[in-house]
DNA sequence: CTGAAAGCGCTTACAG
DNA sequence: CTGAAAGCGCTTACAG
């Protein structure tokens, strides 16, 4: 184990400045109630020594870890959106004077054990939740124990309200808007390729698509939804093939994610048809694809800062729905 | 601020078990030197109370934060590989009884400030470094201050040895192997598409490609390297176009990353030629691309556990070079 | 405005 | 094998 030089402590600052340790602490935590002269004297000492209070000592005294926990989900491909989100989340937490502690946990109820340990050890003050699932067990568990948290994504409970504060992007709204613009561009047969057994967000997006198709009076036969087997790109290509083989092939296909959209697009390219395709997330894939993928950007920074704000509020019943932003590229040349 | 129920402390365990607090501490930290009867008595108390020691209190006493710092780089697309790496890293750190604290920092020398703060506040015991650049300032800075760290990636110093322990994947070796297999499959004109102003890893990969081409006696004119403008997919497609427009177009193209490979591949598809293409990283993109992308998998878990091991060792002069694994898919049907 | 006292919840030698 | 003492480096009321 490497030897580290002794760190500077409050005691040394006090002795250098010729004041008590308590006064140094006041300079740090309540400068308004210390004499201006003392203040500058102490601050000079802090400066020369390069003093910074020990996080752990402070934590022990204040009973706040200064850390927020965030569980990394293991979902390949999925990282496409979550990595930028994590970055934004980290910055937002830092802006609040805390740091983010990341951890891994088993999926579902088993994973609660990890949350319980973190709470029991007082390793974190709160949690940020993402990758929420329907009736996610974490939310009520944390609420019951009065552990502060904020969720990115709703849990779509069978009954009752969302258990705890949440932020989400209005997937239904964004997909409805896509349909509306597609229709304005002359499309009448608009299909949807989603996940098999769609989770909350997937269902929400599909709901928005279907709702707008109906509102516009498009025929049900012309607006069909198909799941992409395995939720994979290849699966999406298969689904697209099936749609295009139909008697009334769609002229536009909404995909529930960029990854699925790329699968759909590859099938469209293969056939050389002019079907318009849209994705969701504005991940690297969207700019990666030949011609570019029209997609929905999630306001990452805004999501992150809103989440951090919700953590610190007493009210556990707040939910914030943010709008997604349609980003137009080559795969669907949507107008204003 | 939400009210949290009072956590269980060592004191309560001691009183329930009818022993001193010190003995409870011994049960936790040196069970071998406590009487078996006392042991089970105390353990029973721990069990009933669901006691877990406070991380901060323990940290203060042991002078170890129990946290390892890791800086999230902001590089779009790049997340393709780094997200799985972060997950593996988190698990490896957890296996060692610590947690990962993630943070953001300005690039280059300015970012050192953030490292300095974390050290001054004793918020972390060590750092894991990634996204290393040539002559990365962080490594010597940490070494000088005797802050333990381990680096994923070399810093390729102008002179002297690597400053501090590192783990890296042998990019040169993997690319040489690709060339060798390509040649065995009959290819004689093997080009390379890399980054403009390649960083250490990019140069390393290119070096491996060139070395093997020369070793096999392939003509220099047939083995040309071209940078992808902007390091983008579109840039890679341009570079591929230029290569294919040459008088002696390559029959195989190595790309320095999956992202570049996808760009190359799109151009190859567009022209309908049968040029073989390989990537690097085995990211989601590799399975995303039509037909699949032949690429090099980095042994993520092994990298992570090796890094954690290096953190805890006193010797600062160790380096570990791991082999990449060639994953064959449709874009280059390489044999055994 | 400033300092002496107590305490946050542990661990680390050190007596017994 | 077990416990009393001291200490980790802060903050929080509370006197003065």
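Values in this text are rule-based calculations from the coordinates and carry no lab data. The structure displayed is predicted, hence computed values, not measured ones. Heads up, the Cβs are rebuilt from the backbone with ideal geometry, glycines too, and the neighbour counts pull from every protein chain shown.
Odds and ends about this structure:
- Most mobile listed residue (B:114, B:251, B:23) in chain B, GNM with C-alpha springs under 10 Å: B:23
- Label-zone membership for the range A:5-24, site residue A:61, 7 angstrom Cα→C-beta point, backbone N under 11 Å: A:10-11, A:21-24
- The percentage of C-alpha pairs in the range B:250-336 whose separation is greater than 17 Å is 52%.
- Percent of beta bridges antiparallel (DSSP, the protein assembly as shown, rounded to nearest 5): 15
- Gain upon complete extension [residue A:230, residue A:33; 0.36 nm per residue less C-alpha separation]: 64.6 nm
- Added length on full extension, which subtracts the Cα-Cα distance from 0.36 nm per residue, residue B:106 to residue B:73: 11.0 nm
- FRET efficiency for residue B:95 and residue A:219, using Cβ-Cβ distance with R0 set to 41 Å, rounded to 0.05: 0.15
- Springs join every pair of Cα atoms under 10 Å in this Gaussian network model of chain B, and among B:261, B:120, B:30 the largest mean-square fluctuation is at B:30.
- Sorted fewest first by neighbouring Cβ atoms within 10 angstrom, B:288, A:278, A:90 come out as A:90, B:288, A:278.
- Within a Gaussian network of chain A (alpha carbon springs, distance under 10 Å), most fluctuating of A:151, A:257, A:15: A:15
- Length-normalised contact order for chain B - Cα pairs under 8 Å, 6+ apart - percent: 15
- Rounded to 0.05, the FRET efficiency of the residue B:135 and residue B:297 pair, given R0 = 35 Å and the Cβ-Cβ distance, is 0.80.
- Separation of the residue B:161 and residue B:47 label points, Cα + 7 Å toward Cβ, nm: 5.1
- Likely footprinting exposure, B:301, B:110, A:83, fewest C-beta neighbours within 10 Å first: B:110, B:301, A:83
- Relative exposure of A:232, B:54, judged by other C-beta atoms within 10 Å (fewest first): A:232, B:54
- Antiparallel DSSP beta bridges within chain B, as percent of all bridges there, nearest 5: 10
- Model label points for residue B:323 and residue B:116, set 7 angstrom from Cα along the Cα-to-Cβ axis, are 4.5 nm apart.
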